[in-house]
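K.L.:
Pasting a structure here, questions to come.
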Amino acid sequence: MITVEDWALVRRLVADGVSRRQVARDLGLGRATVDRALASDRPPRYERPAVATAFTPFEPLVRQLLTVTPTMPATVLAERVGWEGSITWFRDNVRRVRPQLVPVDPCDRLTWLPGDAAQCDLWFPPKRIPLEDGTTALLPALVITCAHSRFMLAVMIPTRTTTDLLLGMWELLTQLGAVPRRLIWDNESGIGRGKRHAEGVGAFAGTLATTLQRLKAYDPESKGVVERRNGFFETSFMPGRDFTSPADFTAQFTTWLATANARVVRTTKAKPVDLLTRDKAAMLPLPPVAPAVGWVNRVRLGRDYYVRVDSCDYSVDPAVIGAFVDVTADLNRVQVHHQGRLVASHARVWARGMTVTDPAHVAAAKVLREQFQQPRPAPAPNDALVRDLAEYDHAFGLTDLVEDTTTDGEVA
């Protein structure tokens, strides 16, 4: 087989009028080689003839299994077909065959209209955040990106529960000052699974008059705007930063987002802050009545004058022991009311299993305990409560009996 350079030189010389015999003589090639070079319309390349390998007898069965289950792992395929050779060699062949049998899943380029949608997602910053009890944790940040303007908002939340997710969404929408016509989520368990929203999600969307859309599985392109921003955060925001608390993380992130939203986006060729006005103009207004979000519970306060929110206990004024109290909590504070009166207010802690105590509640409990332990004085006698015994005789009909006392003291 001749080289690519010889193939090109043969074709050029013949095109210049040099005879084939002269070309063969000058280049030291055979006449047949020159004829093949002129007949070929592509450069020569070495092609190894296909030969049977150890995988060849198993390939039909592998193809049959992959046709039914294209995602079957190579180790399972090896077990099913009875492969006993090198698993690396088997994987290489399965990697060659699998793309031919996977069904095609094309995706369209999406156009986002102003005010139409905002994509929501949870981003887990790759750095542990210090908590109140001295421990650290990887906490989620709720991110909302307006699809048309690419304007980004974010806040760190303590848990992935439905309550905290709705609290985070309401806080970010309040900052935005408008409600997109669609809030797009993937299959986040706190938002819903399958065909059903999680409890409270439907009421939240109904109060906002918006549509909360949960994507089907294997549809990453429909939420690609916010997904790409998660990678952007990790490469542009996180490097070289330290955080002292979740509040410090949110403060730093919010400040950085103000700068990021003022940068030109490659796909839109505009700054998100410049497109935001048009985007918000097509959105829905905030509802006149805020949606019911947050931790809400009504309990009877026991002798242990604490109430539980999430996994932490918070003290309450012991004066309302035995009465029903209303417990409410958001991302920042826990409050307890009794008949509309505030009886406890604490900063919400994000650590797990902590007990938060107000010293005033402990002092009040001590006073009440001392009063309870005081000996109770005996009630003073009251003459008005002494009843004449003759009234009992009258009540039982004994007044008609005549008593005759004899000299011996006997009653006749």
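The values are calculated or read from the model by the stated rules, or taken from the named source; none is laboratory data. Given the structure is predicted, the values throughout are model-derived calculations rather than measurements. Note: ideal-geometry Cβ built from the backbone for every residue, glycine included; neighbour counts use all protein chains shown. We work out accessible area using only protein heavy atoms, side chains counted, and drop any ligands, DNA or RNA first. Shrake-Rupley method; radii C 1.70, N 1.55, O 1.52, S 1.80 Å.
K.L.:
So what is the calculated 222 nm ellipticity per residue for the chain, using -39500 (n - 2.57) for each DSSP H run with n of 4 or more, over all residues, to the nearest 500 deg cm²/dmol?
P.N.:
Numbers: 13 runs with 144 residues, N = 412.
Calculated at 222 nm, the ellipticity per residue is -10500 deg cm²/dmol.
K.L.:
When the chain is modelled as a GNM with alpha-carbon springs shorter than 10 Å, which of E391, E79, E188 fluctuates the most?
P.N.:
E391
K.L.:
Separate question: With +1 assigned to the C-beta of every Lys and Arg and -1 to the C-beta of every Asp and Glu, and no other charges, what is the dipole magnitude of the chain about the Cα centre in debye, to the nearest 20?
P.N.:
Numbers: 50 positive and 47 negative charges, 957 e Å.
The calculation lands at about 4600 debye.
K.L.:
Using 0.36 nm per residue, how much length does the chain from D330 to D35 gain when fully extended, once their Cα-Cα distance is taken away? Don't jump to the answer; show the numbers that get you there.
P.N.:
On the way: separation 295, 0.36 × 295 = 106.20 nm, distance 8.43 nm.
Result: 97.8 nm gained on full extension.
K.L.:
A follow-up question, please. Can you give the extra length, in nm with one decimal, that the chain gains between D388 and A217 once fully stretched, where that is 0.36 nm per residue apart less the Cα-Cα distance? It would help to have the intermediate numbers written out before the result.
P.N.:
Details: separation 171, 0.36 × 171 = 61.56 nm, distance 8.94 nm.
Extra length available between D388 and A217 comes to 52.6 nm.
K.L.:
Given the whole protein assembly as supplied and a 1.4 Å probe, what does the accessible area of W89 come to in Å², nearest 10?
P.N.:
In the full protein context, W89 sits at about 110 Å².
K.L.:
Further, regarding this structure: Quick one: net charge around S315, please, counting Lys, Arg +1 and Asp, Glu -1 for every other residue with C-beta under 12 Å from its C-beta. Provide the component values of the computation, followed by the final result.
P.N.:
Values: positive: R308; negative: D304, D313, D317, D358.
Every neighbour counted, the sum reads -3.
K.L.:
Next question, about the same structure. Normalised by the empirical 2.2 N^0.38 Å for globular proteins, what value does the Cα Rg of the range 118-182 take? Before the final figure, lay out each step's value.
P.N.:
Details: Rg = 13.0 Å, N = 65, 2.2 N^0.38 = 10.7 Å.
The value comes to 1.21.
K.L.:
Follow-up question, since we're still on this one. Among D358, D92, D279, which one shows the biggest mean-square fluctuation in a GNM of the chain, springs joining Cα atoms closer than 10 Å?
P.N.:
D92
K.L.:
Ordering K269, K195, K223 by how much accessible area each has at a 1.4 Å probe, largest first, what is the list? Spell out each step's value before the answer.
P.N.:
Values: K269 165, K195 200, K223 5 Å².
Putting K269, K195, K223 in descending order of accessible area: K195, K269, K223.
K.L.:
Let me check something: with ligands and nucleic acids excluded, how do Y46, Y314, Y306, Y392 order by accessible area (1.4 Å probe), largest to smallest? Working shown, then result.
P.N.:
Working: Y46 170, Y314 0, Y306 55, Y392 110 Å².
Ranking Y46, Y314, Y306, Y392 by accessible area, largest first, yields Y46, Y392, Y306, Y314.
K.L.:
Still on this model: Just grab the label-to-label distance for T254 and L61, each label 7 Å out from Cα along the Cβ direction, in nm (one decimal).
P.N.:
In this crude label model, T254 to L61 measures out at 6.4 nm.
K.L.:
From the P(r) of the range 216-365, can you give the percent of Cα pairs sitting at distances over 23 Å? Write out the running numbers ahead of the final one.
P.N.:
Values: 6676 of 11175 pairs.
Roughly 60 percent, rounded to a whole number.
K.L.:
At 0.36 nm per residue, and after removing the present C-alpha to C-alpha distance, how many nm does the segment from K127 to A262 gain when stretched out fully?
P.N.:
46.0 nm
K.L.:
List the residues of the range 277-310 whose backbone N lies under 17 Å from a point placed 7 Å from the Cα of T135 along the Cα-to-Cβ direction.
P.N.:
It comes to 309-310, nothing else.
K.L.:
Across bins of 5 angstrom width beginning at 0, how are the C-alpha pair distances of the range 268-327 distributed, in whole percent?
P.N.:
Taking every Cα pair in the range 268-327, the percentages come to 4, 13, 16, 11, 8, 7, 7, 8, 8, 8, 6, 3, 1.
K.L.:
By DSSP, what percent of the beta bridges with both residues in the range 174-296 are antiparallel, rounded to the nearest 5?
P.N.:
Around 50 percent antiparallel, to the nearest 5.
K.L.:
If you restrict to DSSP beta bridges whose two residues both lie in the chain, what percentage is antiparallel, to the nearest 5?
P.N.:
On the way: 38 of 47 bridges.
For the chain, the DSSP antiparallel bridge percentage is about 80.
K.L.:
What nm value, rounded to one decimal, do you get for the distance between V18 and T69 when each label is placed 7 Å out toward the C-beta?
P.N.:
Simple spin-label model gives 6.3 nm for this pair.
K.L.:
Among the lysines, which have Cα under 21 Å from the Cα of K223 when same-chain residues fewer than 8 positions away are ignored?
P.N.:
K195, K269, K271, K280
K.L.:
Please give me the summed charge of the neighbours of A292: other residues whose Cβ is under 14 Å from its Cβ, Lys and Arg +1, Asp and Glu -1.
P.N.:
Summing Lys and Arg as +1 and Asp and Glu as -1 gives -2.
K.L.:
Could you sort 173-180, 362-369 so that the peptide with the highest average Cβ count within 10 Å comes first and the rest follow in order?
P.N.:
On the way: 173-180: 18.0, 362-369: 12.9.
So the order, starting with the most tightly packed, is 173-180, 362-369.
K.L.:
Running a GNM on the chain with Cα contacts under 10 Å, which residue among F372, F324, F55 ends up with the highest mean-square fluctuation?
P.N.:
The residue that fluctuates most here is F55.
K.L.:
Compute, for D304, the solvent-accessible surface of its heavy atoms (probe 1.4 Å) with the complete set of protein chains present, and express it in square angstrom to the nearest 10.
P.N.:
Roughly 110 Å² of D304 is accessible to a 1.4 Å probe.
K.L.:
With every protein chain left in place and a probe of 1.4 Å, what is the accessible surface of H338, to the nearest 10 Å²?
P.N.:
30
K.L.:
At 4 °C and a viscosity of 1.567 mPa s, what translational diffusion coefficient does Stokes-Einstein give for the range 126-245, taking Rh as the Kirkwood radius over Cα pairs? Give it in µm²/s as a whole number. List each step's numbers first, then the result.
P.N.:
Values: Rh = 15.7 Å.
In µm²/s, the coefficient rounds to 83.
K.L.:
Still on this structure, I have one more. Using heavy-atom solvent-accessible surface (probe 1.4 Å) with all chains present, what is the largest-first order of V293, V102, V334? Each step should come with its number before you reach the end.
P.N.:
Values: V293 35, V102 65, V334 0 Å².
Greatest to least solvent exposure: V102, V293, V334.
K.L.:
Right, next: Would you please give the FRET efficiency between R196 and A292, computed as 1/(1 + (r/R0)^6) with r the Cβ-Cβ distance and R0 = 22 Å, to the nearest 0.05?
P.N.:
Details: r = 19 Å, r/R0 = 0.88.
Approximately 0.70, to the nearest 0.05.
K.L.:
So if I restrict to the alpha-carbon atoms in the chain, what is the Rg, and what is Dmax, the biggest pairwise distance, in Å?
P.N.:
So, for the chain, Rg and Dmax equal 41.5, 178 Å respectively.
K.L.:
While we're on this one: Provide the per residue accessible area, probe 1.4 Å, for the chain, rounded to a whole number of square angstrom.
P.N.:
On the way: 25370 Å² over 412 residues.
That works out to 62 Å² per residue.
K.L.:
What distance in nm separates the two pseudo spin-label positions at A8 and R308, each 7 Å out from Cα along the beta-carbon direction?
P.N.:
It is 7.8 nm.
K.L.:
Of V334, L208, P291, which is farthest along the charge dipole of the range 194-349 in the positive direction, counting Lys and Arg as +1 and Asp and Glu as -1 at C-beta?
P.N.:
L208
K.L.:
Here's something else I'd like to know. For all pairs of alpha-carbon atoms in the range 69-132, what percent lies in each bin of width 5 Å, listed from the first bin to the last filled one?
P.N.:
With a bin width of 5 Å, the distribution comes to 3, 11, 14, 11, 7, 7, 11, 13, 11, 8, 4, 1.
K.L.:
Could you tell me how far the Cα centroid of the range 82-97 sits from the Cα centroid of the range 167-243, in Å?
P.N.:
One Cα centre to the other: 41 Å.
K.L.:
Charges on Cβ only, +1 for Lys and Arg, -1 for Asp and Glu, centred on the Cα centroid of the chain; of P43, F324, G240, which one is farthest towards the dipole's positive end?
P.N.:
P43
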